[in-house]
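Everything below concerns the one structure shown next.
The values are calculated or read from the model by the stated rules, or taken from the named source; none is laboratory data. Since the model is a prediction, treat every value here as computed from it, not as a measurement. With ideal geometry, Cβ positions are generated from the backbone for all residues, glycine too; neighbour counts draw on all protein chains shown.
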Amino acid sequence: MSILFAVTLAAVSTVQPSCSWDRPGVNPYTGKTAAAIDRYTDIPASVRSTLKRRMEEGQSDDKVTITRDGINGKNQYDPAIRDMHFGAASVCATVTRSKWSEKRQEPGAVYCVDQHCILVPRICGNVSRINRLPAVAKAPAAAPPAAAKLGDKLDAKDLGLADADQHEPEELTEEELAKRELQQRQVANKVGKLSRQPGGLEVFDLNEDGTPDPLADGGAFPLPGPFHGDNDGSWPVPTPVPEADTWAMLLAGLGLLGVVARRRRASSRQS
C-alpha cells in the first residue's frame with residue numbers, strides 16, 4: 001500500500017482525542033484488520049507488513065487479561081490503551097477504563113514486532129496499541145545461609161551450646177560431684193542381670209555401689225581388683241601351673257639322674 005493511500009485512510013477516518021471504554025462489545029470494530037494497522041503511519045511499513053501477516057495467521061506473542069488497572073500476561077505492559085479502532089473507521093486516541101469494576105476481566109491477544117505492540121480484545125476486536133515494558137532483571141538468588149555454629153540461635157531460639165574453641169571445663173562443687181556419681185551408679189544399675197553369654201562375652205551383676213559382681217549367680221572366675229579378696233584388700237597369689245615344655249625338661253632331668261644313679265651302683269658292685 002502506497003504512503004498516499006495510507007494518508008488518505010487516515011484522513012477519512014474519524015479520530016476522537018479521548019473515549020471511555022465503559023461497555024466492551026457494544027461498539028466493535030467492523031473494518032479490516034489490515035486497514036487498521038495501515039492507519040498507524042508512525043510504524044515503519046516493513047513492521048506493519050509483518051504485523052498484518054502475523055495477525056492474519058493468528059500468531060500472537062501473548063495471551064493477556066485486560067482489567068481496569070492493568071494488562072496481565074507473560075510480559076509486562078503499560079496499562080494505557082491508545083489508538084483504538086471501533087465502528088467502521090473510527091479511532092480513539094486515548095481510551096479509559098475507569099468505570100470498570102475491579103473484578104471485570106476481558107481476554108485479548110497481543111502481537112509485537114520490535115517495540116510496536118497491537119492489542120486485540122476478543123469481545124470486540126477493537127484493534128489498538130499498547131506499550132510493552134522492558135523485562136525486569138530478576139534479583140540474584142540469595143546466598144544460602146551459613147551453617148549455624150554451636151552457640152548460634154535457631155529461629156530466635158538460643159541453642160544453649162558453646163563453640164568448641166570457647167569451651168571451658170565445668171566446675172562442680174563436691175556436693176554436685178557426689179550427686180553426679182550417684183546418678184551414674186543408678187544408671188549402671190539399670191543394666192540388669194548379666195550372665196555368661198554364648199560367643200565368649202562375660203557379663204556380670206552389679207553391686208549396690210555400681211561395681212560388677214563376677215561371683216553372682218555362680219560366677220566361676222573372680223576378677224582382680226578392689227571388688228573381692230582378703231580383709232586387707234590383697235589378693236592371694238595363685239600357684240603357677242607348669243607349661244608342657246617345663247614338664248618335658250623336668251622328666252628329662254629325672255631320667256638323667258636315674259641313669260647316673262644306675263652307673264654309680266654298677267661301679268660300686270665291680271669294686
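Residues in the range 80-109 that are of a type in the set (Lys, Arg), assigned to a loop (DSSP other than H, G, I, E, B) and over 42 Å from the mean Cα position of the chain (by Cα): Arg97, Lys99.
The residue pairs whose first member lies in the range 37-60 and is over 20 Å from Phe86 (Cα atoms), whose second member is of a type in the set (Ser, Thr, Tyr) and in a loop (DSSP other than H, G, I, E, B), and whose beta carbons are closer than 9 Å, counting only pairs six or more residues apart or on different chains, are Arg54/Ser60. Only a single criterion out of (1) surrounded by 16 or more Cβ atoms within 10 Å (Cβ to Cβ); (2) assigned to a loop (DSSP other than H, G, I, E, B); (3) in contact with a Ser or Thr (Cβ under 9 Å, 6 or more places away or on another chain) is not satisfied by Asn126, namely (3). Here Arg132 meets each of (1) closer than 30 Å to Ile66 by Cβ; (2) of a type in the set (Lys, Arg); (3) at pLDDT below 70 with one exception, condition (3). Of everything listed in (1) surrounded by fewer than 19 Cβ atoms within 10 Å (Cβ to Cβ); (2) touching a Ser or Thr at 6+ places or on another chain (Cβ under 8 Å); (3) assigned to a strand (DSSP E or B); (4) not hydroxyl-bearing (Ser, Thr, Tyr), the single unmet condition for Glu56 is (3). Just one of the listed residues (Ala89, Ala93, Ala135) is at negative phi and not assigned by TED's automatic domain parsing to the domain that holds Ala36, and it is Ala135. Mind checking which residues of the range 61-71 are crowded, with 16+ Cβ neighbours inside 10 Å and either free of Cβ contacts under 8 Å to residues at least 24 places away in the same chain or in contact with a Cys (Cβ under 9 Å, 6 or more places away or on another chain) (or both)? Hits for the range 61-71 are Asp61, Asp62. Going through the range 74-85 one residue at a time, which ones are surrounded by fewer than 17 Cβ atoms within 10 Å (Cβ to Cβ) and of a type outside the set (A, V, I, L, M, F, W, C)? Those that are surrounded by fewer than 17 Cβ atoms within 10 Å (Cβ to Cβ) and of a type outside the set (A, V, I, L, M, F, W, C): Lys74, Asn75, Gln76, Asp78, Pro79, Arg82.
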